[in-house]
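Note sheet for the following structure.
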Amino acid sequence: MKDIVFQEVIEQKIYLIKNQKVMLDRDLAALYGVPTFRLNEAVKRNKKRFPEDFMYRLSKQEDISLRSQIVTLNEKDQSLTSQIAISNNGRGGRRYLPYVFTDYGIAMLSSVLNSDRAIAVNIQIIRTFIKLRKLLATHADLLKKIEAMERGYGRQFRIVFEILKELRESKKKIKKIGFRPK
């Protein structure tokens, strides 16, 4: 079966807030092919299905912080995103802070949105969350193995492990080259 939504598009719409991977209501609505207010309407009608660990509204500070996470897409990503974009019909911006959904909340959305597209997109989103979880687990396992090797080897490899540790913990910014507007 051909994927209805590119996995890369879904991955770009997953944000880290409160140490949880979440998706915004507007991004989910665009993926499902419905206006944001309709998605939120369906959720409000089924409020009991969405406890705080499934869905919550962002605080003003979280919304500001999230906006700083969102980076302008390059041309390739814009063309992918335009396939799923829904316009707001010129009505202006949001009146309320956005809702965010955890992976559990996204799974629950399939029970309140019954269209074929919503079900297919939901499956893609859940698969993407699972893939990311596996990737993080693999990364954590690799880190544990490196640390175990550090403890197991003697002096001859200490320098190698110190360099690896510096690389791992390095947060140096690379100096940008080129024109910088004032």
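Any idea how many residues of region 39-55 are aliphatic (A, V, I, L, M) and touching a Ser or Thr at 6+ places or on another chain (Cβ under 8 Å)? Walk me through how you get there before you give the answer.
If we filter region 39-55 for residues that are aliphatic (A, V, I, L, M), which is where we start, we get 39, 42-43, 55.
Retained after the next criterion (residues that are touching a Ser or Thr at 6+ places or on another chain (Cβ under 8 Å)): 55.
Final tally of qualifying residues: 1.
For region 1-68, give me every one of the helices (runs of 4 or more DSSP H) that falls completely inside it and has 2 or more residues that are modelled with pLDDT of 90 or more, surrounded by fewer than 16 Cβ atoms within 10 Å (Cβ to Cβ) and of a type outside the set (D, E). Walk me through how you get there before you give the answer.
Working: elements: 7-12, 25-32, 36-45.
Hits in region 1-68: 36-45.
Please specify each residue of region 103-125 satisfying the condition of being within 18 Å of N19 (Cα to Cα) and either touching a Pro at 6+ places or on another chain (Cβ under 7 Å) or not hydroxyl-bearing (S, T, Y) (or both).
Across region 103-125, the qualifying residues are D103, G105, I106.
Looking at the structure I just gave you, is R158 among the basic types (K, R), at pLDDT 75 or above and over 30 Å from K60 (Cα atoms)?
Against the criterion (among the basic types (K, R), at pLDDT 75 or above and over 30 Å from K60 (Cα atoms)), R158 does not qualify.
For R91, state whether it is at pLDDT 85 or above and of a type in the set (K, R). Full working, then the answer.
On the way: at pLDDT 85 or above: no; of a type in the set (K, R): yes.
Taking the combined requirement at face value, the residue does not satisfy it.
The values are calculated or read from the model by the stated rules, or taken from the named source; none is laboratory data. Worth saying up front: this structure is predicted, and the values here are computed from it rather than measured. Because the Cβ atoms are built from the backbone with ideal geometry, glycine has one as well, and the counts that use them run over all protein chains shown.
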